[in-house]
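The values are calculated or read from the model by the stated rules, or taken from the named source; none is laboratory data. These numbers were taken from a predicted model, which means no experiment stands behind them. Here the Cβ positions follow ideal geometry from the backbone for every residue, glycine too, while neighbour counts run over all protein chains shown. Calculation scope for accessible area: heavy atoms of the full protein, side chains included, ligands and nucleic acids excluded. Shrake-Rupley method; radii C 1.70, N 1.55, O 1.52, S 1.80 Å.
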Amino acid sequence: MARTAPPPMSRTLVKDALNATAPADAIFLQGWVRTRRDAKAFSFIELNDGSCLKGLQVIVDASLPDYANVARANTGASVEVHGKLVESKGGGQKWEVVAEKFTVLGEADNTYPLQKKGHTLEFLREIAHLRPRSNLFGAVFRVRSRLAYAVHQFFQERGFHYVHTPIITASDAEGAGDMFRVTTLDLENPPRGEDKHVDNAKDFFGKKTFLTVSGQLEGEIFAHALSNIYTFGPTFRAENSNTSRHAAEFWMIEPEVAFCDLAGNMDLAEAFVKHLIRDAKEHCAADLEFFAKFVDKDLLTRLDFVLERPFQRCSYTEAVAILEKSGKTWEHPVSWGANLQAEHERYLTEEHFKCPVTVYNYPRAIKAFYMRQNGEADGRETVAAMDLLVPGIGEIIGGSQREERLDKLRAGMALHHLDEKAYWWYLDLRRYGSVPHAGFGLGFERMLMFVTGVGNIRDVIPFARTPGTADF
Ligand code: 4AD
Ligand code: MG
């Protein structure tokens, strides 16, 4: 009988090697060289494969036939190692690998930008194709991956169904108009109607279309059929705000719950945020410790503090009173009816409540058309809106109970000068089996900033899209 060659030895990830419970006579690793130290009789190589923050120390003895390869294993090179996993004699690590075979797959010369020295975050953004190989960004993107999984876990375990809402849309979900146009029309020479205006009926979809700012309206359709749903996908905003908390392309999680009011919505938001923090603490402990050491020394105490306490709740009217009484001078003046600005939000959560706070019942005129009208009290009209504010960031969640009454919704659309014809299907939901319902949107990048302590949204998204930048 023909004998087949033994199967190739399967690769062990550094993470699993570091967590080994016993030595191993044969182990096979692949990864990138972080550092190399040459002594007389051997070389030390720190091997990292991105499976975890820490690298694994590899010792290549100078007597090894492959030792000549070591000279080519500079920082950044990709290598393969066959060897033994043995208990480490040096401090700092439990295991190390004694190489028996050592191969360089891809060299990296001394122009490799991630040599072992501190780089600024700004510089690392310019090399977004290499920065995931740094400790900081490896950690950020492992946490991002884990929390994306935890999002699904949270909702799936609670009987929510995941809905893929469209990315290209003809409706402006927020009625705010900060949308990117999607068109295949020839911009140099677009078709024009008799009135000389561009003829959008000749565009790809037969009408004007955009990248979505939110999946909420389509999410509401599905909540009226499947009861509890969530979306999780990219959203786009053409707002020209060059801040550390705004991106033109970001990911949003939007649950929508039928038979739910504003209080139920706040409870869900709080449970969700706490779930994500707990999950990161449990599954990304080493990465969070790294952030606490190098990014934000108060991170772990703040996360514990947030987990342990109920979030505060405060009406918009109370919030305005608190701000007026604060004795602070504001860049944007505070008065009932004006939108809360970042400086106000940060004061409420960081200085006044010193804890996450949900502000609810905002003036009707400054909020979206779909929010449920509370009626008038003391000459002030409010809607059942809520924003969750957290220390260090400000608004992380925006949501509301939705207006389920047809006549009131039409009044809301009229107030915001929206064309009913464009929202005919949204109005139909109020004509057929309408129910009280509520939902919210969590900005995934803002949540990641909160969990990692990283201060700029550009550093928690693999390839940031902000005004003036769309590299990679
Ligand atoms: O408050 P927003 O605009 O709410 C909505 O879009 C609703 N349709 C959500 C809903 O009720 N289903 O956005 C929700 C969250 C914000 O609280 C913020 O965390 C994030 O999305 N967000 C942004 N994140 C990064 N960059 C931007 N430009 C963002 N705009 C909003
Ligand atoms: Mg908002």
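Treating each Cα of the stretch 159-276 as an identical point scatterer and summing with the Debye formula, the log10 of I(q)/I(0) at q = 0.12 Å⁻¹ comes to -0.57. The convex hull of the Cα atoms of the stretch 402-472, projected and averaged over all directions, covers 8.0 nm².
The residues neighbouring residue 106, those whose beta-carbon lies less than 14 Å from its own, together hold a net charge of -2 under the Lys/Arg +1, Asp/Glu -1 convention.
Across the stretch 272-373, counting alpha-carbon atoms alone, Rg and Dmax equal 16.8, 47 Å.
Normalised by 2.2 N^0.38 Å, with N the number of residues, the alpha-carbon radius of gyration of the stretch 34-143 equals 1.12.
Dipole of the stretch 68-165 computed with +1 at Lys/Arg Cβ and -1 at Asp/Glu Cβ about the Cα centre; of 103, 69, 82, farthest Cα towards the positive end is 82. Any idea what angle helix 406-415 forms with the longest principal axis of the chain, computed on alpha-carbon atoms, 0 to 90 degrees, nearest 10? Once rounded, one gets 80 degrees.
The label-point distance for residue 278 and residue 68, in a model that sets each label 7 Å from Cα toward Cβ, rounds to 5.9 nm. Take the chain with all the other protein chains still there, run a 1.4 Å probe, and you get 49 Å² of accessible area per residue. Cross-linked pairs 116/297; 101/293; 297/325: Cα-Cα separations exceed 29 Å for 101/293; 297/325. Using only Cα atoms and rounding to the nearest 10 degrees, what angle (0 to 90) does helix 299-308 make with the longest principal axis of the chain? Once rounded, one gets 50 degrees. Restricting the calculation to Cα atoms, every distinct pair contributes to the Kirkwood radius of the stretch 351-445, found to be 14.5 Å.
Rounded to two decimals, what ratio of Rg to Rh does the chain give with C-alpha atoms and a Kirkwood Rh?
Numbers: Rg = 27.3 Å, Rh = 25.6 Å.
Ratio value, two decimals: 1.06.
Angle, helix 135-157 long axis vs. longest principal axis of the chain, Cα atoms, 0 to 90°, nearest 10? Helix 135-157 sits at roughly 50 degrees to that axis. Would you calculate the separation in nanometres between label points at residue 123 and residue 329, each defined as 7 Å from the Cα along the Cα-to-beta-carbon direction? Calculated label separation equals 3.9 nm. Within the accessible area of the chain, the carbon and sulfur atoms contribute 52%, probe 1.4 Å, all protein chains present.
Take the Cβ atoms of residue 86 and residue 16, set R0 to 22 Å, and the FRET efficiency comes out at 0.90.
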